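Peer 1: Take this structure, written in structure tokens, and hold onto it; I'll ask about it next.
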Amino acid sequence: MNAAETDSRTPGSLGAYAILRTRDLDEARARVAGVFSPHHLCVARQDARLDAEMCHVPMGGVSVNRLRYGATVDIDVGRTNDFLLVMMPLTGSAEIRCGDATIRSTPTLASVVSPTLPLRMRSQADADQIMVRIDRALIERQCAQHLGHDLKRPIEFEVGMELSESGGQSWASLIRYLVGELDRPSNVFTSPLTRAHVEQLVVATLLLAQPHRYRDELLRPGRSIAPAFVRRVEEHIIDHADQALSVAQLAAHAGVSTSTLFSGFRDFRNTSPMAYLRQVRLQRVRDDLQASGGGDATVTEVALRWGFTHLGRFASEYKRRFGESPSATLKH
């Protein structure tokens, strides 16, 4: 790719959002870990010197970042667990090993790192990357909402994203727009309302652009749209999951009979109203355990707070849903 092609693809600098400029390895590791996750970082060549820079724009469950190390570095992340990462080199390259897949990521080949797969990478000295971080809970929730049923297995994306192909072009165009707008002194993303829509747009674009185990189902034509009363009950459950809710109360809120409510959830969500409530509460437990950060909260206290009184069954459901035990989440 020639210089002109590079310039036409390269988003803006995000320089107004700089949070790091250092030659100190420990400082770089700590600051990057604060945005992403703890990891091992080392300079690949002893005679090389780090010159790290990072820019960070938080937008709810999504953040747009730019990161360069200025030296060839080896990074071992393990599993990110709580977030998905899309890395797009503006210049240079990075060798990415995610799960069993290994690719050389370049300005024409982005990498998509799934939360459940271990990540190791070597970022070359000339690598300068845009990194889009997406909360795992956000992408799983939006995928399940579009499908109309819970996810039986975690979402795992193909690692390589060809930016010259249709899906990759859509993704790259979206990120180019976002970064270009963020680089404007006065931009639309100063509004919380606009930022909320960015979350949905980024997640929906990735779900449709990059292959994963649920994409064919998402792309299947002729999907029925759930009736308004189903969506109304879902919203009510999300807003009042901390309260005692019964099927009768939910049906009254929706203005339909209990049998109609059950039929709507069965036909359009492949679940029941109370099973949906249970899944929302499981997610709230996970959110609280993650927010605790290993503090004074215990798994039992958080589970009971969200109405889970049978702790053995709760632990089994939690592990089946999130791929780890509640205590493992609390320790992260």
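Peer 1: If the requirement is being touching a helix residue (DSSP H, G or I) at 6+ places or on another chain (Cβ under 7 Å) and among the acidic types (D, E), which of these qualifies: D82, D128, D74?
Peer 2: D82
Peer 1: Oh, and also: Checking Q243 against (1) outside the structural domain of L109 (by TED's automatic domain parsing); (2) surrounded by fewer than 15 Cβ atoms within 10 Å (Cβ to Cβ); (3) in contact (Cβ under 8 Å) with a residue 60 or more places away in the chain, which single condition isn't satisfied?
Peer 2: Answer for Q243: the failing condition is (3).
Peer 1: Yes or no: the range 124-142 includes at least one residue that is part of a loop (DSSP other than H, G, I, E, B) and in contact (Cβ under 8 Å) with a residue 60 or more places away in the chain.
Peer 2: Yes; the residues of the range 124-142 include at least one that is part of a loop (DSSP other than H, G, I, E, B) and in contact (Cβ under 8 Å) with a residue 60 or more places away in the chain.
Peer 1: Please specify each residue of the range 81-106 satisfying the condition of being in a strand (DSSP E or B), over 28 Å from E324 (Cβ atoms) and in contact with a Pro (Cβ under 9 Å, 6 or more places away or on another chain).
Peer 2: M88, P89, L90, T91, T106
Peer 1: Of the conditions (1) at pLDDT below 95; (2) of a type in the set (D, E); (3) surrounded by 18 or more Cβ atoms within 10 Å (Cβ to Cβ), D150 clears all except one; give me its number.
Peer 2: In the conditions (1) at pLDDT below 95; (2) of a type in the set (D, E); (3) surrounded by 18 or more Cβ atoms within 10 Å (Cβ to Cβ), D150 misses (3) alone.
Peer 1: Which is of a type in the set (F, W, Y), surrounded by 20 or more Cβ atoms within 10 Å (Cβ to Cβ) and touching a helix residue (DSSP H, G or I) at 6+ places or on another chain (Cβ under 8 Å), of F262, F308, F268?
Peer 2: After ruling out the rest, the residue left standing is F308.
Peer 1: Which count do you get for residues in the range 192-216 that are touching a Lys or Arg at 6+ places or on another chain (Cβ under 8 Å) and either modelled with pLDDT under 90 or of a type in the set (A, V, I, L, M, F, W, C) (or both)?
Peer 2: 2
Peer 1: Now a separate question. Quick check, is R141 buried (at least 21 other Cβ atoms within 10 Å of the Cβ) and charged (D, E, K, R)?
Peer 2: no
Peer 1: Follow-up. Taking R286, is it buried (at least 19 other Cβ atoms within 10 Å of the Cβ), more than 19 Å from the chain's Cα centre (by Cα) and in contact (Cβ under 8 Å) with a residue 40 or more places away in the chain?
Peer 2: Criteria not met by R286.
Peer 1: Looking at A71, A52, A110, A101, can you tell me which residue is farther than 21 Å from D26 by Cβ, small (G, A, S), without any contact (Cβ under 8 Å) to a residue 60 or more places away in the chain and not assigned by TED's automatic domain parsing to the domain that holds R321?
Peer 2: Only one candidate qualifies: A101.
Peer 1: If you don't mind, another one. Would you point out the residue of the range 1-48, among those that are more than 17 Å from N65 (Cα to Cα) and of a type in the set (K, R), that is modelled with the lowest pLDDT?
Peer 2: Result: R45.
Peer 1: Need a quick list: strands (runs of 3 or more DSSP E) entirely within the range 25-76 having at least 2 residues that are out of contact with any Ser or Thr (no Cβ under 8 Å at 6 or more places or on another chain) and surrounded by fewer than 17 Cβ atoms within 10 Å (Cβ to Cβ).
Peer 2: 40-43
The values are calculated or read from the model by the stated rules, or taken from the named source; none is laboratory data. Just so you know, these numbers come straight off a predicted model, no measurement behind them. So basically every Cβ, Gly included, is an ideal-geometry build from the backbone, and we count neighbours across all protein chains shown.
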